[in-house]
Amino acid sequence: MNYVLTNTGTKTFTTEQYLHNFLTFSQRNVGPNYRVYFPYQVTASPEVRQWQPPELKPVGRGQQWVDENPPMVSLENMILYTKTISSVPKTWIYKPDDYLGPDAIAVEQTDAGQRVVIDSSIRSSYVGIWTTSYQVSPEQFVIVTLAPGETVEYTRTYKFSADGSIPQDCTSDQIVNENDLSVISSAWLSSPGRANWNPSCDVFGDDVVDNKDLAALGQVWGRNAASPVPAVQWSLDETTGMTAADIAGSHDGSLIGFSADDSQWVAGHSGGGLEFDGTDDYLQVEGYHGICGGNPRTVSAWIKTQADPTGGLPIVSWGQNQPGAYWLVEVDEQQRLRLSCGSGFVSANQQQVGDGEWHHIAVVLDPADPRRPLISDVSLYVDGRRRTIYRMAESEINTGGVENLRIGASHDPGGSYFAGTMDEVAIFDGVLGTTAIHQAYLQ
């Protein structure tokens, strides 16, 4: 939406402008799986209580997980709804005084896989969140000062996405091809307010359609949202040898530390699998550095740990051992699925994966704002279901391209090794939605 405001009077004035953004998703009442998140650390007024992970407490003659959080809580840069909402007072959100980064905010219903990203070409001064039982309305307040005769032009942009959508799919036909290239060509070098402006082509989110958006289109050329294809995939169905074939491409992995007697090739979840002893076994892919920078990605695998493991268990790792530049999918010390990036991390609530049983895991990076990918943009799936957050430390993600990809080990010289069996390890250079991940679990 484009705005033009002119001071036709004789005095300077200051005014604020905002919009009600009444958002609901698939007719679901506000409650668990709703969240509002920001690209900066938030300060709320009135104060919103910090999220506390559920605790295992005595109940009757046994124990059970008890969640004592109020219906609305804050966690790092997010407002989360933990229980069904009736109504809460309007909440005011303030950014750090020295923050000058991207300003877009996002509202998401994680169970439905639907998201709206809201941005303004004029930086907001603060945000008000109005919440009722049926809607969430985050409202960016912009302040404008105009002298007599002055004019200001600005835009508000809304980007809607649903489960399995591809940001570069400008035509919304679920495939990236020459039709999308034609649409981008028609909007080339346009910006908000121009006659040929098309916000669906502004993949990079910087209010101009240019080479960055064209490059993003090229990265996923030919991709079909209905039939995602991995960039690399190790089925681990071998029965002999010291090589694991990449059945999606040419990035075969070398077995390091394994016995030469082929005893590591065992039954997997489907067909064969690769058993790791937890001491020094891992698979290394020479010359392949994973998905780098802040680019969208999905990692999936079937894993079966040894019963009652101790310490962290690396599943897949690559990047660079620097803050924000590492990418480590692991089972943490509490036997939960976790993604660590060298400084920040996020771990999954509800379902433990270090219990000696087969589990399908998936980790997805889907940046709300491509200019600043964050840990809060990461989704964790266990057994086909997206899991809520157990613990999180926010960090910007900019994965390095230094270390070779490893399966079953990190790159820390004193790090641990995976103990158990893996099967069907795959990496996608894009976002797999909830439906696709659930289908992979059911196969």
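Hey, ASN349 hits all of (1) at pLDDT below 95; (2) out of contact with any Pro (no Cβ under 8 Å at 6 or more places or on another chain) but one; which does it fall short on?
(2)
Among PRO167, PRO192, which is the only one that is part of a loop (DSSP other than H, G, I, E, B) and within 26 Å of GLN17 (Cβ to Cβ)?
None of the other options fit; the residue is PRO192.
Residues are listed down the side, and each one gets a yes or a no for (1) buried (at least 19 other Cβ atoms within 10 Å of the Cβ); (2) among the aromatic types (Phe, Trp, Tyr); (3) out of contact with any Ser or Thr (no Cβ under 9 Å at 6 or more places or on another chain); (4) closer than 22 Å to LEU23 by Cβ:
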| site | (1), (2), (3), (4) |
| --- | --- |
| VAL152 | no, no, no, no |
| THR157 | no, no, no, yes |
| ASP173 | no, no, yes, no |
| VAL183 | no, no, no, no |
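Looking at ARG391, ARG406 in this structure, which one is charged (D, E, K, R), farther than 26 Å from ASP252 by Cβ, in contact with a strand residue (DSSP E or B) (Cβ under 9 Å, 6 or more places away or on another chain) and in contact (Cβ under 8 Å) with a residue 40 or more places away in the chain?
None of the other options fit; the residue is ARG391.
Yes or no: ILE303 aliphatic (A, V, I, L, M), assigned by TED's automatic domain parsing to the domain that holds ASP280, over 19 Å from the mean Cα position of the chain (by Cα) and more than 28 Å from PHE204 (Cβ to Cβ)?
For ILE303, the condition - aliphatic (A, V, I, L, M), assigned by TED's automatic domain parsing to the domain that holds ASP280, over 19 Å from the mean Cα position of the chain (by Cα) and more than 28 Å from PHE204 (Cβ to Cβ) - is met.
Among the strands (runs of 3 or more DSSP E) contained in segment 51-135, which hold 3 or more residues that are surrounded by fewer than 18 Cβ atoms within 10 Å (Cβ to Cβ)?
Where strands (runs of 3 or more DSSP E) fall fully within segment 51-135 and carry at least 3 residues being surrounded by fewer than 18 Cβ atoms within 10 Å (Cβ to Cβ), they are 55-59, 62-66, 87-94, 126-132.
What is the one condition in (1) part of a loop (DSSP other than H, G, I, E, B); (2) modelled with pLDDT of 85 or more; (3) buried (at least 16 other Cβ atoms within 10 Å of the Cβ) that PRO228 does not satisfy?
(2)
Give segment 306-352 a look and list any residue that's surrounded by fewer than 21 Cβ atoms within 10 Å (Cβ to Cβ) and either part of a strand (DSSP E or B) or outside the structural domain of VAL382 (by TED's automatic domain parsing) (or both), or say none.
Matches in segment 306-352: PHE345 only.
Taking segment 258-288, which residues are in a loop (DSSP other than H, G, I, E, B) and surrounded by 17 or more Cβ atoms within 10 Å (Cβ to Cβ)?
Of everything in segment 258-288, those that are in a loop (DSSP other than H, G, I, E, B) and surrounded by 17 or more Cβ atoms within 10 Å (Cβ to Cβ) turn out to be PHE258, GLN264, GLY268, HIS269, GLY278, ASP281, TYR288.
What are the pairs with Cβ atoms under 7 angstrom where one residue, in segment 104-119, is at positive phi and the other, located anywhere, is assigned to a loop (DSSP other than H, G, I, E, B)? Sequence gap at least six, or different chains.
GLY113/ALA162; GLY113/ASP163; GLY113/GLY433
Considering (1) of a type outside the set (Val, Ile, Thr); (2) more than 30 Å from MET422 (Cβ to Cβ); (3) free of Cβ contacts under 8 Å to residues at least 40 places away in the same chain, say which one ASP237 fails and leave the rest.
ASP237 satisfies all of (1) of a type outside the set (Val, Ile, Thr); (2) more than 30 Å from MET422 (Cβ to Cβ); (3) free of Cβ contacts under 8 Å to residues at least 40 places away in the same chain except (2).
Exactly one of these conditions fails for ASP237: (1) at pLDDT 95 or above; (2) crowded, with 18+ Cβ neighbours inside 10 Å; (3) of a type outside the set (A, V, I, L, M). Give me its number.
Of the numbered conditions (1) at pLDDT 95 or above; (2) crowded, with 18+ Cβ neighbours inside 10 Å; (3) of a type outside the set (A, V, I, L, M), the odd one out for ASP237 is (2).
Please go through segment 1-45 and give me each residue that is surrounded by 14 or more Cβ atoms within 10 Å (Cβ to Cβ) and among the aliphatic types (A, V, I, L, M), ordered by number.
Selection gives LEU19, LEU23, VAL30, VAL36, VAL42, ALA44.
The values are calculated or read from the model by the stated rules, or taken from the named source; none is laboratory data. Fair warning: this is a prediction, and the values are worked out from it, not measured in the lab. No Cβ is skipped: glycine too gets one built from the backbone with ideal geometry, and neighbour counts run over all protein chains shown.
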